[in-house]
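Since every read-out is calculated from the coordinates, none of them should be taken as a lab result. What you are looking at is a predicted structure, and each value in this text was computed from that prediction instead of being measured. No Cβ is skipped: glycine too gets one built from the backbone with ideal geometry, and neighbour counts run over all protein chains shown.
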Amino acid sequence: MNYHPTDFAAPTGTLSDFDFLHGDWTVTNRRLKQRFAQSEDWDEFEADFHCEPRLDGGANIDQMDAPTRGFSGMTLRLFDRASRRWAIYWVSSQQGTLFPPVQGGFIGDHGVFVGRDTDNGVPVNVQFFWTRLDPDAARWSQAFSRDGIVWETNWVMNFRRR
């Protein structure tokens, strides 16, 4: 299920799309050590994760702490009631600046969010995928493309509720 950010074919959503994520989780991360290098060398690490709703469900905020990797990250998700799309903003303690948002929503248990960013100064298309597996498990992944055709998944997070 690859969406092309230039087409903005990402689905719309509802206020309840991220209700499943509220609470405390243990996250197993797999992150490519080097992107766009045809590498299969992954960095694997655990992290603690907490998410809670804000603004009567129109927003939520989370924090992920990965002490073994020396960083924390925070996500702000905002629901645009007019477009019915979520905008997802990420900030890491390593950079301290907001990354450009991805936007989209869910179809059933699958969420697709698309946007643009840069990777080492090179423009990339970005896709986030969310999958609600069951009440106590979820998966998130991120893929980048330089041309909008060939995509590389570079980060996968498996969530287990605590």
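Here are the numbers:
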| item | result |
| --- | --- |
| Space enclosed by the convex hull of the alpha-carbon atoms of segment 19-161, per residue, Å³ | 119 Å³ |
| Trypsin sites (Lys or Arg not before Pro) within segment 1-104, DSSP loop, no more than 14 other Cβ atoms inside 10 Å | LYS33, ARG81, ARG84 |
